[in-house]
């Protein structure tokens, strides 16, 4: 008897979870964008995609470009645990790619933040999250 992909409860639940996570991620990004705008940051790009990767949010404030990686999970700690060193490397490469199009290039004033969103929608922002 052939395998019925649609009626497989494991496959179906993974697919449903995937869709739910996708929508929860986008809702978290929208919430974080509103949070930054309330703080006076003008969001100029969402899900900016370059050759090396994607930046969730890019904002401008007082001459600085602010890059924001948004992570959403049940708790802020769990959300923070979802970022890997490999992903941080991609973020830096993508930031450099974006800055190549700025008038001051790599000399642009930059901040890279990590915005954590928990299951209740509470936002915690770690400014300059990846500074050494």
Those residues that are outside any strand (DSSP E or B) and touching a residue at least 24 places away in the same chain (Cβ under 8 Å), I need them from region 97-113; list them, please.
97, 98, 99, 102, 108, 109
Restricting to region 32-51, name every residue that is under 15 Å from the mean Cα position of the chain (by Cα) and on the phi > 0 side of the Ramachandran plot.
47
Which of the residues belonging to region 114-132 are farther than 11 Å from residue 31 by Cα and in a loop (DSSP other than H, G, I, E, B)?
118, 119, 120, 127, 128, 129, 130, 131, 132
In this structure, is residue 106 loosely packed, with under 13 Cβ neighbours inside 10 Å and more than 11 Å from the chain's Cα centre (by Cα)?
yes
Regarding region 75-83, can at least one residue be identified that is within 12 Å of the chain's Cα centre (by Cα), at pLDDT below 95 and either assigned to a loop (DSSP other than H, G, I, E, B) or over 20 Å from residue 33 (Cα atoms) (or both)?
yes
Checked region 52-65 for anything part of a strand (DSSP E or B) and over 12 Å from the mean Cα position of the chain (by Cα); matches are 59, 60, 61, 64, 65
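Can you confirm whether residue 91 is part of a helix (DSSP H, G or I) and surrounded by 13 or more Cβ atoms within 10 Å (Cβ to Cβ)? So that I can check it myself, show each step before the final result.
Numbers: part of a helix (DSSP H, G or I): yes; surrounded by 13 or more Cβ atoms within 10 Å (Cβ to Cβ): yes.
Yes; evaluated as a whole, the condition is true for this residue.
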Number of the condition not met by residue 40 [criteria: (1) assigned to a loop (DSSP other than H, G, I, E, B); (2) at pLDDT below 95; (3) in contact with a strand residue (DSSP E or B) (Cβ under 9 Å, 6 or more places away or on another chain)]:
(2)
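The values are calculated or read from the model by the stated rules, or taken from the named source; none is laboratory data. None of the values given here were measured: they were computed from a predicted structure. Here Cβ is always computed from backbone atoms with ideal geometry, including for glycine, and neighbour counts include all displayed protein chains.
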